[in-house]
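Everything below concerns the one structure shown next.
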Amino acid sequence: MTTPSDPQAPQPQTAVAENPSLAQLRAEAMQWGRKPRRFGGWYVTEHMVRAMRAYGWTIVIGALGQPVLYLLGMAVGLAALIDAPITDRGQQVDYLVFVAPALLMTAAIAVASEEFTYPVMAGFKWRRYFYGFSASPIASAQIAAGVVAGAAARMVVTVVLYYLFLWLFGAVPDPATGWLSIFAGLAAGLAFGIPVMAYAASIEDDKGQFALVQRFIFMPMFLFSGTFYPLSELPGWLQWIGWISPLWHATELGRAATYGDGVPPMLAVHVAYLLVLALGGWFLGRHYFERRLAR
Amino acid sequence: MRALWAGNPWAVVQRGLLAARSSSWIVVLSGFFEPVFYLASMGIGLGALIGDVQTSGGVDVPYAAFIAPALLAVSAMNGAVYDSTWNVFFKLNYGKLYEGMLSTSLGPLDVALGEMLYALLRGLLYATGFLIIMQVLGLNLAPTAILAIPAVLLIAFGFASLGMAVTSYMKTFQHMDWINFVLLPMFLFSSTLYPITVYPEVVQWVVKAFPLWHGVELIRGFTTGVMSPDMGWHILYYVVMIAVGLVFTTKRMRALFLD
């Protein structure tokens, strides 16, 4: 943050003028607004990240505890029932190795479903801090971008920790490319989260919509995206859930990275789909932010 | 005793029902779908990979019939815990609802029992729906499955009673997140998705100390029809849990509002 005493900052020339003219005043105002106008999004990010400190321990324990619990549950528990290795993309892998990438992607998406819902609602309605940002030279689109960057920061922490656990548990047979699944996780979180942010920005009254998103979008996506077994185990009339689910596309990328041989055949499709969701969500979300903050 | 109990918990239940009418019923109804989605996903997909599973009663049952009673117990737990923590926390700290109630002739025991009975009504609704689905899919292997309904109520009562007592100690919303850290391992490890026998014996004893395992075993006994005298212990566990929770909650309500 720049303070007036900061020697690095350009000092407004007109600050000492006795009777400033209108042009001088305008120049001064423009001068002070230059930095927020250029970097305003990052100020918003800073706010979002600082706000997370209120529940910092919850984030840390969640990011450390959940992978351990799920890995113990899946690796020790379910794997004991599934004797035969899973056959996926023509190669046989242990059950743990098979579920691990899906769990990583799910963790990123869970962060997204938390950070892109209630905090957005709070910014517009409950605590109205978006209107506060908007009263400064920060543009609406920058506010939206700052929210995305703040959530992404938490996602990165979660996904990197998760990946380290997977690696320690021996769930990454191919560490040389396995770290790429970190990026797939970030992409999964953003492809799911940015459209959710757009939806959250469009909600005027909280009538439990987020609980419905959780139950009718997040839950089915988690359960029917080939997370616990290959998508092909599901009957055809249920497989479409996987095809439209960012979780499945990201998981396929993660599986290719952690144990796949070479480049997956549908690499471009998976990446493109995640990009389309994130970008589509972004244009829609920016529109809702601009419309609502202009009122 | 007069200070604690006016014999009218039903007034609190009625208030809950009236309030539910003006809030979103879709959200209430949607809770029913969670175990159904789990059953569909795990039953169809994992069921194909796993085949039959041996229950603690020593019989082999199809995988879907193994997890369905456990999912019923889990949804009873989740429903009761969410109702008795999130809802109660809000009423306690933001709605200031109980202060109003306790300034009438109602005592803390009326309020505690009333809130729990209201939570049980919701649990009854979900359990009945889920059992019908199990019946249609042929996952109820014995006529004793009907006893799963009172069992669900017992489980929900136990969790609601203890949950409300714990909630009375919470000060911020962030404290509520800790509840998830208790529920998630219970859900994963309580012979929900696979038998407890995959663990070493020490771990098994730890799991058996937690309430959900007793609930899962109880309901699974009824729906598979493999009954054993051990089920008496599971019931006793919950009876004690309910009693402890009720005493605790009543005391806390008194300390918070009347003393």
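Structural remarks
- All positions within the range B:188-206 that are open to solvent by 30 Å² or more (accessible area, probe 1.4 Å) and within 27 Å of residue B:88 (Cβ to Cβ): B:189
- Of the helices (runs of 4 or more DSSP H) lying entirely inside the range B:158-259, those containing at least 3 residues that are touching a Pro at 6+ places or on another chain (Cβ under 9 Å) span B:211-224, B:231-253.
- The set of residues in the range B:176-187 being more than 9 Å from every other protein chain (Cβ to nearest Cβ) and closer than 26 Å to residue B:250 by Cα consists of B:176, B:179, B:182, B:183.
- Figure legend. Inter-residue proximity from the range B:188-199: first residues closer than 16 Å to residue B:221 by Cα and facing chain A (nearest Cβ under 8 Å), second residues in a helix (DSSP H, G or I) and open to solvent by 10 Å² or more (accessible area, probe 1.4 Å), beta-carbon distance below 6 Å, spacing 6+ or different chains. Indicated pairs: B:194/A:81.
- All conditions in (1) of a type outside the set (Lys, Arg); (2) more than 12 Å from chain B (Cβ to nearest Cβ); (3) closer than 25 Å to residue B:177 by Cα; (4) loosely packed, with under 15 Cβ neighbours inside 10 Å hold for residue A:19, with the sole exception of (3).
- Residues being free of Cβ contacts under 8 Å to residues at least 12 places away in the same chain, open to solvent by 30 Å² or more (accessible area, probe 1.4 Å) and assigned to a helix (DSSP H, G or I) - total across the range A:116-150: 2
- The criterion of at least 2 residues that are in contact with a Lys or Arg (Cβ under 9 Å, 6 or more places away or on another chain), of a type in the set (Asp, Glu) and open to solvent by less than 20 Å² (accessible area, probe 1.4 Å) is met by none of the helices (runs of 4 or more DSSP H) falling completely within the range B:47-127.
- Sole exception among (1) surrounded by fewer than 24 Cβ atoms within 10 Å (Cβ to Cβ); (2) under 18 Å from residue B:69 (Cα atoms) for residue B:155, by number: (1)
- Hits in the range B:203-231 (condition: acidic (Asp, Glu) and touching a strand residue (DSSP E or B) at 6+ places or on another chain (Cβ under 7 Å)): none
- Condition broken by residue A:90, with the remaining ones in (1) more than 13 Å from chain B (Cβ to nearest Cβ); (2) modelled with pLDDT of 90 or more satisfied: (2)
- Subset of the range A:37-82 [of a type in the set (Lys, Arg) and either within 14 Å of chain B (Cβ to nearest Cβ) or under 30 Å from residue B:53 (Cα atoms) (or both)]: A:53
Yes/no matrix, rows are residues, columns are (1) within 11 Å of chain A (Cβ to nearest Cβ); (2) under 30 Å from residue B:96 (Cβ atoms); (3) open to solvent by less than 40 Å² (accessible area, probe 1.4 Å):
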site	(1), (2), (3)
B:159	no, yes, yes
B:171	no, yes, no
B:218	no, no, yes
B:226	no, no, no
B:254	no, yes, no
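The values are calculated or read from the model by the stated rules, or taken from the named source; none is laboratory data. The shown structure was predicted, so the numbers you read here are calculated from the model rather than taken from an experiment. A quick note on method: Cβ atoms are made from the backbone with ideal geometry, for glycine too, and the neighbour counts reach across all protein chains shown. Please note that ligands, DNA and RNA were not included when accessible areas were found on the heavy atoms of the full protein model with its side chains. Shrake-Rupley method; radii C 1.70, N 1.55, O 1.52, S 1.80 Å.
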